[in-house]
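Novice: Sharing a structure below in structure tokens format, with a few things to ask.
The values are calculated or read from the model by the stated rules, or taken from the named source; none is laboratory data. Quantities reported herein were computed from a predicted structural model and do not represent experimental measurements. Cβ coordinates were reconstructed from backbone atoms using ideal geometry, including for glycine residues, and neighbour counts include every protein chain displayed. Each accessible area value is taken on the protein alone, full model and side chains, heavy atoms only, with ligands, DNA and RNA left out. Shrake-Rupley method; radii C 1.70, N 1.55, O 1.52, S 1.80 Å.
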Amino acid sequence: GDSVTQMEGPVTLSEEAFLTINCTYTATGYPSLFWYVQYPGEGLQLLLKATKADDKGSNKGFEATYRKETTSFHLEKGSVQVSDSAVYFCALDKYNFNKFYFGSGTKLNVKP
Amino acid sequence: NAGVTQTPKFQVLKTGQSMTLQCAQDMNHNSMYWYRQDPGMGLRLIYYSASEGTTDKGEVPNGYNVSRLNKREFSLRLESAAPSQTSVYFCASTGGELFFGEGSRLTVL
């Protein structure tokens, strides 16, 4: 079945370090891919998305490229800030059914 | 500019009690969802509704019922709460990307 696998956390980085959070997916067809972020005590909010192969989603300095050949959508940021500390979820959407599948989440801690 | 609103934000129940979580969205979305979030488990889909008048089971529907009252509202009911239902519950709606409510933290003693 359709699924999303992302690296386990927590990931602890110093401010200004480079961030990568890996995400791979299993799905038939051509799903849309998303990264959502959850700050402490809040609901999830969309960070970025890509709807077709080779698309790059970007927002707030974060980027992710839809790689169909490797079924991956890794999240990257060149220089993290303390305010980026949150839980990050990779997700896919089988558009025809409008059903979303989430990874288990990766907690990021950024230290000053 | 409310988006997705869910109530209550916090609730403590005793085993066997019933309760309903309410959710409303003002974005005219057709599809609505209920998820639960548990530590280390990510989000798991309980039920979803692709349109007014339809509901379907997700990954973990046992112990829950839902009602799509109209296009705006989608409620989740626990008929006989169990400690295993202690969790944070999120309602969401979509017009292409998911919009989430702030969550409802439920504790079943």
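Novice: Could you report chain A's accessible area per residue, 1.4 Å probe, as an integer in Å²?
Specialist: 49
Novice: What fraction of the DSSP beta bridges in chain A is antiparallel, stated in percent and rounded to the nearest 5?
Specialist: If I count the DSSP bridges inside chain A, around 90 percent turn out antiparallel.
Novice: Just the number, please: carbon plus sulfur as a percent of the accessible area of segment A:56-112, 1.4 Å probe, no ligands or DNA/RNA counted.
Specialist: Roughly 48 percent of what the probe reaches on segment A:56-112 is carbon or sulfur.
Novice: Summed for both chains, how many Å² of accessible area, to the nearest 100, are buried between A and B with a 1.4 Å probe?
Specialist: Chains A and B together bury roughly 1400 Å² of accessible area.
Novice: Also, I was wondering about something else. For Cα pairs less than 8 Å apart in space and 6+ apart in sequence, what is the mean separation divided by the residue count of chain B, i.e. the relative contact order in percent?
Specialist: It rounds to 36 percent for chain B.
Novice: At a 1.4 Å probe radius, carbon and sulfur cover how many percent of the accessible area of chain B?
Specialist: With neighbouring chains kept in place, the figure for chain B is 48 percent.
Novice: Which whole-number percent is the relative contact order of chain A (Cα, under 8 Å, 6+ apart)?
Specialist: 37
Novice: Among all the lysines, which ones have a C-alpha under 17 Å from A:LYS77's C-alpha, if same-chain residues fewer than 8 places away are not counted?
Specialist: Output for A:LYS77: A:LYS49, A:LYS56, A:LYS60, A:LYS107, A:LYS111.
Novice: Please compute the alpha carbon radius of gyration of the protein assembly as shown, then divide it by the globular-protein estimate 2.2 N^0.38 Å. Two decimals is fine.
Specialist: Output field value: 1.02.
Novice: Report P(r) for chain A: all Cα-Cα distances, bin width 5 Å, range 0 to the bin holding the largest distance, values in whole percent.
Specialist: 2, 13, 24, 26, 18, 10, 5, 1, 0
Novice: Here is a follow-up. Using protein chains only (no ligands, no nucleic acids) and a 1.4 Å probe, work out which residues of segment B:41-57 have their accessible area cut by at least 50 Å² relative to the chain alone.
Specialist: B:LEU43
Novice: Sticking with this one: When all C-alpha to C-alpha distances in segment A:68-112 are sorted into bins of 5 Å, what percent of pairs does each bin hold, rounded to whole numbers?
Specialist: Bin by bin from 0 Å, the calculated values are 5, 17, 20, 21, 16, 11, 7, 2, 1.
Novice: Within segment A:19-76, list the GluC sites (Glu not before Pro) lying in a DSSP loop whose Cβ has at most 11 other Cβ atoms in a 10 Å radius.
Specialist: Sites meeting the loop and neighbour criteria: A:GLU69.
Novice: I've got another one for you. If you wrap chain B's Cα atoms in a convex hull and average its projection over all directions, what's the area in nm²?
Specialist: 6.2
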